Amino acid sequence: MKTLNIAIIGAGMIGAAHASGYRAHQARLSGPDCQFVLHTVCDAREDAAQELARVWGFAHVASNWQAVLDNPEIDVVSVALPNILHAEVAAAALRAGKHVLCEKPLALTAAQAKELTDLAASSKGINGSVFNYRRIPAISMIKELIERGEIGTPTHLLVQYQCGYAADPLLPHSWRYTESRAGGGALHDIGAHAIDIARFLCGEITEIVGATTDTFIKQRYLPLTANAGHSHVTLSDKTEEVDTDDISSCVMRFDSGCQGLFSASRVTVGMGNTLSFTLTGSKGTVLFNSERPGEFSIARASVEKGAFITQANNPSFPYLSDMIPVPHDGVAIGYAEGFGFMIAEFMQAVAQNQPYSKGSFADGLAVALVLEAIQHAARDRRPVAINTLK
Ligand code: SOE
């Protein structure tokens with residue numbers, strides 16, 4: 001029997017989402033041929049690693065990621081570290097022969113993402129980028145409806161990711177507010193998901209026609225103690241410059257001819273964590289908002305005279321009938337389940353030694369190219385064709 005030992009590198013806010021996903025699907029995906037083991041949580045802050053391991057039932061803790069990669073027992077690695085470490089640790093994990101699921105953004109720059117994707121193509125490990133929103137059942141259902149031609153040819157996508165986590169000027173400075181450590185701000189942290197969803201629903205983006213990226217809180221106080229996620233801690237009296245965007249927006253074109261309008265904000269008070277879109281097709285329109293993740297609305301010219309109909313929490317949506325304990329009409333699911341469905345698909349790909357297609361490093365690279373094109377378009381105030389960056 002094959003044993004697949006899992007390690008999570010990074011015990012911060014998103015490391016917990018990885019841990020919960022592996023925990024949720026470990027037993028179900030283990031069988032007579034293959035056994036998944038929750039092996040190690042690694043973090044430079046050993047107490048954080050200890051706590052995450054305790055809560056989700058991982059057997060070991062470590063504080064040095066290189067030692068985890070050197071351990072021949074480890075087969076599967078989740079990279080859940082600050083952005084600056086994604087490419088370095090993912091590359092080292094691939095070279096060590098591991099299967100790698102890496103957080104978004106895949107790298108700080110498109111060039112780094114390309115190097116990593118090339119390495120992945122010649123490595124034996126399976127590679128995956130964290131694009132969990134594709135696995136929200138309502139979004140997967142919308143994708144199926146588009147493929148079935150229910151809304152005709154997509155002509156316009158308005159996609160937004162709005163958060164309020166950075167709206168408070170007293171939130172401490174951290175790696176998220178420095179381009180050399182984060183790649184970008186709202187654009188890379190949450191915009192990456194929105195761009196992935198745009199590609200998932202409407203295909204390749206070919207051009208950023210125009211863009212603007214702005215920082216509204218230009219200085220933040222340095223913290224006196226370590227902080228993870230978006231937590232408030234005691235502040236020092238020293239400030240440091242913020243050089244990553246609080247809000248980014250662009251107009252974009254898709255290969256299909258569809259037109260796109262994108263915005264990502266981390267300073268929108270009242271919006272905790274909201275990904276939303278309106279997709280217009282030649283025969284209908286679809287609406288989605290992640291604050292109601294189980295539902296979407298659709299209007300079709302040919303049905304009910306084009307009136308909107310809302311479909312919610314229906315076991316006919318992808319993932320719901322076979323992945324949750326209560327696949328019943330009206331039983332709602334949320335962020336953690338969708339994240340877990342992504343982890344489960346990655347585990348399945350690893351168990352079967354099959355490429356993981358719905359969000360590979362190649363998708364991470366495609367998103368990195370679009371993020372960089374938005375930055376160039378904003379800085380130079382000009383249109384940027386994506387293929388000029390390749
Ligand atoms: C930002 O608040 C954040 O934690 C992102 O970094 C994650 O990628 C997103 O899934 C949830 O929100």
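The values are calculated or read from the model by the stated rules, or taken from the named source; none is laboratory data. If you're wondering where the values come from, they're calculated on a predicted model, not measured in any experiment. For neighbour counting, all protein chains shown are included, and Cβ atoms are generated from backbone atoms with ideal geometry for every residue, glycine included. Accessible surface is based on the protein model in full, side chains and every heavy atom, while ligands, DNA and RNA are left aside. Shrake-Rupley method; radii C 1.70, N 1.55, O 1.52, S 1.80 Å.
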Original post:
Among the residues of the range 199-214, which ones are open to solvent by 30 Å² or more (accessible area, probe 1.4 Å) and among the aliphatic types (A, V, I, L, M)?
Top reply: VAL209
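Per-residue answers, yes or no, for (1) assigned to a helix (DSSP H, G or I); (2) open to solvent by 10 Å² or more (accessible area, probe 1.4 Å):
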{"site": "ILE197", "(1), (2)": "yes, no"}
{"site": "ARG220", "(1), (2)": "no, no"}
{"site": "MET252", "(1), (2)": "no, no"}
{"site": "SER256", "(1), (2)": "no, yes"}
Subject >> Residues that are open to solvent by less than 10 Å² (accessible area, probe 1.4 Å) and either away from the ligand (no atom under 16 Å from the Cβ) or within 17 Å of GLY203 (Cα to Cα) (or both), drawn from the range 148-172 >> reply: ILE151, LEU157, VAL159
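Every residue, every condition in (1) closer than 27 Å to ALA80 by Cβ; (2) without any contact (Cβ under 8 Å) to a residue 40 or more places away in the chain; (3) within 16 Å of the ligand (Cβ to nearest atom), yes or no:
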residue: LEU222; (1), (2), (3): yes, no, no
residue: THR225; (1), (2), (3): yes, yes, no
residue: ALA228; (1), (2), (3): yes, no, yes
residue: GLU240; (1), (2), (3): yes, no, no
residue: ASP246; (1), (2), (3): yes, no, yes
residue: ASP255; (1), (2), (3): no, no, no
residue: THR274; (1), (2), (3): yes, no, yes
residue: SER282; (1), (2), (3): no, no, no
Original post:
Only one of (1) farther than 30 Å from ALA120 by Cα; (2) out of contact with any Ser or Thr (no Cβ under 6 Å at 6 or more places or on another chain) fails for PHE308. Which number is that?
Top reply: (2)
Original post:
Just to be sure, is VAL68 surrounded by 24 or more Cβ atoms within 10 Å (Cβ to Cβ), over 22 Å from LEU369 (Cβ atoms) and more than 23 Å from the chain's Cα centre (by Cα)?
Top reply: yes
Original post:
Are there any pairs with C-beta distances below 9 angstrom linking a residue in the range 362-390 that is of a type in the set (S, T, N, Q) to a residue that is open to solvent by less than 40 Å² (accessible area, probe 1.4 Å) and part of a helix (DSSP H, G or I), with the two at least 6 apart or on different chains, and if so which?
Top reply: GLN375/LEU187; ASN387/LEU369; THR388/ALA373
Subject >> Test for VAL251: is it of a type outside the set (S, T, N, Q) and either without any contact (Cβ under 8 Å) to a residue 60 or more places away in the chain or closer than 19 Å to VAL367 by Cα (or both) >> reply: yes
Original post:
Do you know which residues across the range 91-147 are open to solvent by less than 10 Å² (accessible area, probe 1.4 Å), among the aliphatic types (A, V, I, L, M), closer than 30 Å to THR244 by Cβ and outside any loop (DSSP other than H, G, I, E, B)?
Top reply: ALA93, LEU94, VAL100, LEU101, ALA110, ALA113, LEU116, ALA120, ILE139
Original post:
Do you know which of the residues in the range 112-138 that are of a type in the set (Ser, Thr, Tyr) and in contact (Cβ under 8 Å) with a residue 12 or more places away in the chain is farthest from VAL367 (Cα to Cα)?
Top reply: SER123
Original post:
Which one is surrounded by the fewest Cβ atoms within 10 Å (Cβ to Cβ) among residues in the range 281-313 that are part of a strand (DSSP E or B) and among the small types (Gly, Ala, Ser)?
Top reply: ALA312
**OP:** Please identify the pairs in which a residue from the range 316-343 that is modelled with pLDDT of 90 or more and of a type outside the set (A, V, I, L, M, F, W, C) has its Cβ atom under 6 Å from the Cβ atom of a residue that is outside any loop (DSSP other than H, G, I, E, B) and away from the ligand (no atom under 16 Å from the Cβ), counting only partners at least 6 apart or on another chain.
**Re:** PRO318/PRO137; PRO318/SER140; TYR319/PRO137; GLY340/ALA24
Original post:
Do you know which of the residues in the range 18-50 that are surrounded by fewer than 22 Cβ atoms within 10 Å (Cβ to Cβ) and aliphatic (A, V, I, L, M) is nearest to the chain's Cα centre (by Cα)?
Top reply: ALA24
Original post:
Taking the range 1-57 only, how many residues are among the aromatic types (Phe, Trp, Tyr) and within 16 Å of the ligand (Cβ to nearest atom)?
Top reply: 0
